[in-house]
Amino acid sequence: MAFADPQSQRASSSSSSSSISTRGWNYDVFLSFMGEDTRHNFTDHLYRALDQKGIRTFRDHEELRRGEEIAAELLKAIEESRICVVILSKNYARSRWCLDELVKIMGWKKCMGQLVLPIFYQVDPSNVRKQKGSYGEALADHERNADEEGMSKIKRWREALWNVGKISGWCLKNGPEAHVIEDITSTVWKSLNRELLHVEKNLVGMDRRRASSSTSTSTSTCIGPWEYEVFLSFRGQDTRQNFTDHLYAALYQKGIRTFRMDHTKGEMILPTTLRAIEMSRCFLVILSKNYAHSKWCLDELKEIMESRRQMGKIVFPVFYHVNPSDVRNQGESYGEALANHERKIPLEYTQKLRAALREVGNLSGWHIQNGFESDFIKDITRVILMKFSQKLLQVDKNLIGMDYRLEDMEEIFPQIIDPLSNNVHMVGIYGFGGIGKTTMAKVLYNRIGAQFMITSFIANVREDSKSRGLLYLQKQLLHDILPKRKNFIRNVDEGIHMIKDRLCFKKVLLVLDDVDDLNQLEALAGDHNWFGPGSRIIVTTRDKHLLEVHEIDALYEAKKLDHKEAVELFCWNAFKQNHPKEDYETLSNSVVHYVNGLPLGLKVLGCFLYGKTVCQWESELQKLQREPNQEIQRVLKRSYDVLDYTQQQIFLDVACFFNGEDKDFVTRILDACNFYAESGIGVLGDKCFITILDNKIWMHDLLQQMGRDIVRQECPKDPGKWSRLCYPEVVNRVLTRKMVRTNANESTFMLKVIPNT
């Protein structure tokens, strides 16, 4: 019989017509099944029932199942489906194809919150979960023929089976199938016709979690794949008719969708409750005097804390006329209750319950002992509403290669996304202009923001600091902390004191974007102890040394795109598809080679060349060899403008003569020119103008072209007045016409003929 609750299904998009609106999805439902078991009976009836409802459903064709490797078409279909229905039949686990499919589905559920509905067709859910019966036999058969790589894959299969086996769905053993199919279709229909925020369709190469889906300016709290914003866990006989009832009403009046179990019969936690925990964004645990006397409540708490550990969900405890230390250490009534439970249930299980109580007892929340309950309820509601009114930042819909870079960062510094780490961590992302630092910070902010009590993204720190001052930036941060209060600060010192005072006990996510001066960091994020436990501060800058001076915990260099990624990003902007149009392949590769992996350049030139003819492309490419694109140039030149005179001269010399040369050789020449080479080369490295690899100096192609263009602009029509000559044809013209004019104030004149690149 069915045990899925139609009211606990996830929303996706609303529709008033008879057909389902797919708003960014190619399919509403993906069917995963073992063909020989159900293709011509149950699965076929289910597919037709869904189709008759106007629900766009993906069901693979028999020809797709030839061979052992899962077809790319199926993987793509899973990503483009809003709901996955998994029909777990007797021989499902005997198919490597089905198991690979399931791993993909459960992975997509974890990262995107995709709704998964299992149907246990003539199998016991516990056999799926624990891999017993036919499922155990199938996995054992796979293991007998597996090498080391195969065993690693089987481990992923087992994990996926365990996870899908824990999800509430339908168990078909006896009874008419038509009734169950009707219930499944009704559940899917209701899920698809609820409201969800729009998710961009073409987030190519991006781990499409809800964090990077789209910007929302709405104050509605119906966000992401959650059915409920809040799950209330409470002991009915203590608070049902008073505190919990008033709290539920207050949350309801604010439009916060809240799950409250009205009646509890028996000792076993119900599947509907487990589903509600799974489909809730955060939890309010009302720890009253008799809470621990209920095994139901303790089972519920154990599941809640497990959800916090695995999914990073937020748990707010309310200590209602109990001491937090009694919850944490199981003293007083909590100790008595656990002692009673230990006489009835295994010690191993009660240890898990004690661990859950210790964990929740260590969390910050509300301690209601004296005072007006209505004031506490007002504050709880305010905090919850603030949490769910978080605005997501707009990011480009074509985020090529972003998933790889974020995974790379997380491997280097896993604490950045670890919701359980209570240490304050500062992370710096550095790189030259246009490399994608701000985009990385935005995606991180969207992805992990829900874990924090307060979030703030301070954009354009460099520009606003110069045009409006540090005091303006401090007021912006304080407004994010306390939006409805006026923050009367008259100077930066007062601002520092107020920021520390307001944030030292709060879990904060703060992003400072485009920092270029130590004073900015000292005014906005001076030290780790300014922020509460678990806070994260992310800083983006073009100056690596600045991060080192401020003792940032971890540094990550934003990397350019590889050739394949660069082609894809360029094509999305130039052709609105992920590959070049016919007759444009060679030209596209030329542009990609010219830009050399810089995301800004690929986007700017792609948009500029969109819709132009082949002749226009060829003409623009010829022009770019001499005159760089001014939009790209403006971004890159900002870093050059803040260099001192000597550092600028070294930069121009490297751009014109020494790109790819031995560092020691270059140092000797520059020192002979009194340019203090060791210091200057070090500064250029810190500011990401150059990199040193195998003791050779390397500069990005666009930075090199910018440097040469700066020299050309010294006197565009008279190369004889240039400070440096590096183009062979220009050198020849200048020398044969005796156009060279040395500057009386300069002690040297550099000349080197190099190939024109």
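ILE632 meets all of the listed conditions (1) modelled with pLDDT under 90; (2) open to solvent by 30 Å² or more (accessible area, probe 1.4 Å); (3) not basic (Lys, Arg) but one, namely (2). On inspection, ARG638 passes the criterion of being at pLDDT below 90, open to solvent by 90 Å² or more (accessible area, probe 1.4 Å) and touching a Gly at 6+ places or on another chain (Cβ under 7 Å).
Scan segment 459-468 and tell me whether some residue there is open to solvent by less than 10 Å² (accessible area, probe 1.4 Å), part of a helix (DSSP H, G or I), touching a residue at least 40 places away in the same chain (Cβ under 8 Å) and within 20 Å of SER639 (Cα to Cα).
Step one: filter segment 459-468 for residues open to solvent by less than 10 Å² (accessible area, probe 1.4 Å), giving 461.
Of the ones still in play, those that are also part of a helix (DSSP H, G or I) are 461.
If we keep only those that are touching a residue at least 40 places away in the same chain (Cβ under 8 Å) too, we end up with 461.
Filter once more, so that each one left must be within 20 Å of SER639 (Cα to Cα): 461.
Yes, that holds for at least one residue.
In the condition set (1) touching a residue at least 60 places away in the same chain (Cβ under 8 Å); (2) more than 31 Å from the chain's Cα centre (by Cα), ASN91 is compliant with all but (1). What about LYS507, is it modelled with pLDDT under 90, buried (at least 19 other Cβ atoms within 10 Å of the Cβ), over 17 Å from ARG462 (Cβ atoms) and not aromatic (Phe, Trp, Tyr)? It is true that LYS507 is modelled with pLDDT under 90, buried (at least 19 other Cβ atoms within 10 Å of the Cβ), over 17 Å from ARG462 (Cβ atoms) and not aromatic (Phe, Trp, Tyr).
Scan segment 151-158 and tell me whether some residue there is open to solvent by less than 40 Å² (accessible area, probe 1.4 Å), of a type in the set (Ser, Thr, Tyr), part of a helix (DSSP H, G or I) and farther than 26 Å from TRP226 by Cβ. Even if it seems obvious, please write down each step before you answer.
First, pick out the residues of segment 151-158 that are open to solvent by less than 40 Å² (accessible area, probe 1.4 Å): 154, 157.
Within this subset, residues satisfying the condition of being of a type in the set (Ser, Thr, Tyr) are none.
No; the residues of segment 151-158 include none that is open to solvent by less than 40 Å² (accessible area, probe 1.4 Å), of a type in the set (Ser, Thr, Tyr), part of a helix (DSSP H, G or I) and farther than 26 Å from TRP226 by Cβ.
Exactly one residue out of ASP379, ASP403 is open to solvent by 40 Å² or more (accessible area, probe 1.4 Å), part of a helix (DSSP H, G or I) and in contact with an Asp or Glu (Cβ under 6 Å, 6 or more places away or on another chain), and it is ASP403. Scanning segment 641-661 for residues that are closer than 30 Å to VAL461 by Cα, open to solvent by less than 10 Å² (accessible area, probe 1.4 Å) and over 38 Å from the mean Cα position of the chain (by Cα) yields ILE650, LEU652.
In segment 268-289, the residues that are over 16 Å from LYS166 (Cα atoms) and of a type outside the set (Asp, Glu) form Cβ pairs under 6 Å with partners that are open to solvent by 40 Å² or more (accessible area, probe 1.4 Å) and assigned to a loop (DSSP other than H, G, I, E, B), at six or more places apart or across chains, as follows: SER288/ARG235. Checking each residue in segment 223-256 for being under 17 Å from ARG382 (Cα atoms), of a type in the set (D, E, K, R) and crowded, with 18+ Cβ neighbours inside 10 Å picks out only GLU229. Of all residues in segment 456-483, exactly one satisfies the criterion of being over 25 Å from ASP543 (Cβ atoms), at pLDDT 85 or above and touching a helix residue (DSSP H, G or I) at 6+ places or on another chain (Cβ under 7 Å), namely LEU478.
Does GLY169 satisfy being under 30 Å from GLN122 (Cα atoms), open to solvent by 30 Å² or more (accessible area, probe 1.4 Å), modelled with pLDDT of 50 or more and of a type in the set (Gly, Ala, Ser)? Answer is no for this residue.
Checked against (1) at pLDDT 90 or above; (2) touching a helix residue (DSSP H, G or I) at 6+ places or on another chain (Cβ under 7 Å); (3) more than 19 Å from ILE710 (Cβ to Cβ), LEU652 meets all criteria but (3).
Residues of segment 308-341 that are at pLDDT below 90 and touching a strand residue (DSSP E or B) at 6+ places or on another chain (Cβ under 8 Å): ARG308, LYS313, ILE314.
At least 2 residues being open to solvent by 50 Å² or more (accessible area, probe 1.4 Å), closer than 24 Å to CYS111 by Cα and modelled with pLDDT of 80 or more is the threshold, and among the helices (runs of 4 or more DSSP H) wholly inside segment 10-81 those reaching it are 72-79. Against the definition (within 24 Å of GLY428 (Cα to Cα) and out of contact with any helix residue (DSSP H, G or I) (no Cβ under 9 Å at 6 or more places or on another chain)), how does PRO533 come out, yes or no? Criteria met by PRO533.
Identification of helices (runs of 4 or more DSSP H) wholly contained in segment 246-365 with 1 or more residues that are farther than 30 Å from LYS110 by Cα yields 324-329, 332-342, 347-361. Whether a residue is more than 20 Å from ASN573 (Cβ to Cβ), at pLDDT below 90, buried (at least 21 other Cβ atoms within 10 Å of the Cβ) and not hydroxyl-bearing (Ser, Thr, Tyr) was assessed, and GLN625 does not pass this test. Checking each residue in segment 576-600 for being in contact with a Lys or Arg (Cβ under 9 Å, 6 or more places away or on another chain) and within 20 Å of VAL395 (Cα to Cα) picks out GLY597, LEU598, PRO599.
Here the condition is being over 15 Å from ASP701 (Cα atoms), free of Cβ contacts under 8 Å to residues at least 12 places away in the same chain and either in a helix (DSSP H, G or I) or open to solvent by less than 10 Å² (accessible area, probe 1.4 Å) (or both); of ASP671, ASP664, it holds for ASP671 alone. Among residues of segment 90-129 being among the hydroxyl-bearing types (Ser, Thr, Tyr) and crowded, with 23+ Cβ neighbours inside 10 Å, the one that is modelled with the highest pLDDT is TYR92.
The values are calculated or read from the model by the stated rules, or taken from the named source; none is laboratory data. Bear in mind the structure is a predicted one, so any value in this text is a computation, not a measurement. Reconstructed Cβ throughout: ideal geometry from the backbone, glycine too, with neighbour counts over all protein chains shown. Side chains included, ligands, DNA and RNA excluded: accessible areas come from the protein's heavy atoms. Shrake-Rupley method; radii C 1.70, N 1.55, O 1.52, S 1.80 Å.
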